[in-house]
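No value in this document is a laboratory result; all are computed from the given coordinates. Everything numeric here is computed off the predicted structure, so don't read it as measured data. Ideal geometry is used to build each Cβ from the backbone, glycine not excepted, and the neighbour counts take in all protein chains shown.
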Amino acid sequence: MAVYKGPVKDISFVLNEVLDVASLAKLPGYEDATPDTIQAILEEAAKLCENVLFPLNRTGDEEGCHYENGVVRTPKGFKEAYDQFREGGWTAVTCDPEYGGQGLPATVGFALTEMFTASNQAFAMYPGLSHGAYEALSRHGSDALKKLYLPKLTDGTWSGTMCLTEPHCGTDLGMLRTRAEPQPDGSYSITGTKIFISAGEHDLTENILHLVLARPEGAPGGTRGISLFLVPKFLPKADGSVGERNGIRCGAIEHKMGIKANATCVMNLDGAKGWLVGELNKGMNAMFVMMNAARLGVGMQGLGIAEASRQSALAYAQDRLQGRSLTGPKNAAGPADPIIVHPDVRRMLLTQKSFTEAARALALWVGMLIDEAHRHPDAARREAADDLIQMLTPIIKAYFTDMGSECANLAVQTYGGHGFIRENGVEQLVRDARITQLYEGTNGIQALDLVGRKLPMKGGAAAQRLLGLMSGFVAEHKNDDKLKEFVEPLEKALGRVQDAAFFLLQNAMKNPDEAGAAATDLLRLMALTAMSYMWARIAIAAHKGLAAGTDNAFYEAKLATARFFTARVLPQTTSLNHQIKAGAATLMALPAEAF
Ligand SMILES: Cc1cc2nc3c(=O)[nH]c(=O)nc-3n(C[C@H](O)[C@H](O)[C@H](O)COP(=O)(O)OP(=O)(O)OC[C@H]3O[C@@H](n4cnc5c(N)ncnc54)[C@H](O)[C@@H]3O)c2cc1C
């Protein structure tokens, strides 16, 4: 059976010993976010995940959602779990106290998202999407919209969705056809069909707020004519209670590979009443707030799935007896050794472990940067933090989700044939993980975002900020004998990033296909380099822990895992650099009809 325990000790290690989480409480408005408070929240969340969400993960997958005449029922137990989640205040953790939220930092939200997703990805998506809607409304909504809707999203009585995709347009939203006609009362009448809308209809909340991209009459074609609208399932009355049914209905739900307990809906809008969010024709800007939050959220899904996979694979590898160790029996009294003695099984476990631990550090660092970008009194610090977030968002979305899938597959492989059997629970992780590489912009599109938008951003200054930070770290620690084994390979990886970026600079202007051809490999090259940077930071914390002399096994394990990553994963950066410099020619030579 699959297992899951909230990795509170590891999260706390990253927050307190690798990053300086205590510094959050010095930011204005976060005075209450002390390390002790955060620790207590993490421990409570872990209990909820272990006792409520994780037990529903497999039953939810087996049962799936039910659709009947426009009504969607979530699997047995989901409504009760959602009520418990909501009543426990988990929808309100990072929301603004002005709207009833607890006002805690984004960093805390990141740590919770990892655990919620690891224990039950399909469930976690319902409040996850609401949070994206909350962010977009709080950043771009009018005061009247905020006052009416944000308290409901905060207390979780109403939920949110994002409605972008249409049957003929997914990546290329410039083609979208949903229309918005202005009405005399200032609202819009919206008509069109959206597909693949996560949490579009369900029985968990009394109302659902859809954030819909549509084209107002007379607006230009392409993405420049798109606006964002808030379209509630039920029109609220002035006192905030639920009123008349609006003209947006679920026409069907998809039967799909994974996340079966999350309703993926076709939503038909037939003269639905909606209100503009943000400026007319600037809908993509407003939606990007939601999409960026969601991209990081999806990255955290990758990490959560990887961690759930790692824990199950480890438990199985310690228990399953097959064969003998190549260097002589390690369980002489038993009929065979546990499979964890075999180097190839260890390769799989360490691939998972070396990903999850540094990925968690990278993600929580980005969480802290978000808090700094929102709250730091110094504008220069806010801008610097934002540059790093912009650079790291596509990396976290794409690399974490690719690795989430890889780690889930490694869990199945560790279980052998038993991994393929449904009741053992790990094949579900493979199916659930797969969507994370596709939605919120496929991983190929994330790579194009990195190469086409983020690298050239501010004339390359944001990229330089990230690379400069890592180079500065190398310079600072290069001569530290204890860290050399991690810092020197990091320096070489950074050199490969620079080499690849220089190749693009020289070639992509002449031939834009060069950028497209390099994108996925460059994203992976930069991701591995960022992971190497995090492992070096973890190593510093581990050495400090060892010097303090308590819990030596914990800190030695960090160093051993850092060594595995540096010796057996980071070298991929060499081949990635070669692949990038092989250029576009071999990809583009074959005419489409000759494939
Ligand atoms: C379960 C599920 C839940 C979803 N939830 C939501 C939701 O809540 N809200 C919502 O609005 N949407 C949602 N989606 C839609 C999802 O975001 C899209 O499926 C995704 O963005 C890709 O669009 P597409 O499927 O049309 O693929 P396409 O855009 O047709 O892409 C097909 C392939 O071509 C590649 N490609 C396309 N254009 C380019 C290009 N310019 N350069 C290079 N490669 C390119 C893509 O990377 C991909 O590999 C969901 C989808 C699923 C399956």
Quick numbers on the chain, Rg and Dmax over C-alpha atoms in Å, give 24.2, 83
Sorted by chain and then number, the residues having a modelled amide H within less than 5 Å of the amide H of Glu166, at least 5 places away or on another chain, are Ile195
Residue-ordered couplings for region 546-562, obtained by feeding phi - 60° into the Karplus form 6.51 cos²θ - 1.76 cosθ + 1.60 and rounding to whole Hz (Gly and Pro as x), are 5, 5, 6, x, 10, 6, 4, 4, 4, 6, 4, 5, 5, 5, 4, 5, 4
If each part is reduced to its alpha-carbon centroid, region 552-595 and region 70-103 end up apart, in Å, by 40 Å
Burial-style ranking of 409-415, 488-494, average other-beta-carbon count within 10 Å with highest first, yields 409-415, 488-494
For the Arg453, Asp319 Cβ pair and Förster radius 45 Å, calculated FRET efficiency rounded to 0.05 is 0.45
A correct Karplus calculation of ³J(HN,Hα) over region 301-310, with 6.51 cos²θ - 1.76 cosθ + 1.60, θ = phi - 60°, whole Hz and x for Gly and Pro, returns 4, x, 5, x, 5, 4, 5, 4, 5, 4
Each label sits 7 Å from Cα toward the beta-carbon; between Leu505 and Gln413 the label points are separated, in nm, by 3.7 nm
Rounded to whole angstrom, the alpha-carbon centroid of region 219-243 lies from that of region 439-460 at a distance of 29 Å
In region 28-62, the GluC sites (Glu not before Pro) that sit in a DSSP loop and have at most 15 other Cβ atoms within 10 Å of their own Cβ are Glu31
Looking only at aspartates and glutamates whose Cα falls under 17 Å of Lys353's and that sit 8 or more positions away or on another chain, we get Asp10, Glu114, Glu307, Asp344, Asp402, Glu406, Glu556
Straight-line reach check, Lys152, cutoff 15 Å on alpha carbons, 8 or more apart in-chain or any other chain, hits among aspartates and glutamates -> Asp83, Glu87, Asp96, Glu98, Glu135, Asp143, Glu206, Asp239
Once amide hydrogens are built 1.01 Å from N within the peptide plane, the residues lying 5 or more places from Ile259 or on another chain with amide H under 5 Å from its amide H are Asp432
Which of Lys282/Lys458; Lys76/Lys194; Lys47/Lys194; Lys478/Lys558; Lys47/Lys233 exceed 29 Å between C-alpha atoms? The answer is Lys47/Lys194; Lys47/Lys233
Region 162-316 -> Rg/Rh from Cα coords, Kirkwood Rh, value 1.03
Of all DSSP beta bridges with both partners in the chain, the antiparallel percent, nearest 5, is 80 percent
Sorted on mean Cβ neighbours within 10 Å (highest first), peptides 289-295, 120-126 come out as 120-126, 289-295
Here the residues of region 171-187 lying in the modelled label zone of Glu217, meaning backbone nitrogen under 14 Å from a point 7 Å along Cα-to-Cβ, are 179-187
In whole Hz, the Karplus estimates of ³J(HN,Hα) for region 106-115 (6.51, -1.76, 1.60; θ = phi - 60°; x where Gly or Pro) are 4, 3, 5, x, 4, 4, 5, 4, 4, 5
The answer for trypsin sites (Lys or Arg not before Pro) in region 19-116 that fall in a DSSP coil and have at most 16 neighbouring Cβ atoms within 10 Å is Lys76
Sparse-neighbourhood loop hits (trypsin sites (Lys or Arg not before Pro), region 500-555; DSSP loop; Cβ within 10 Å at most 16 others) -> Lys510
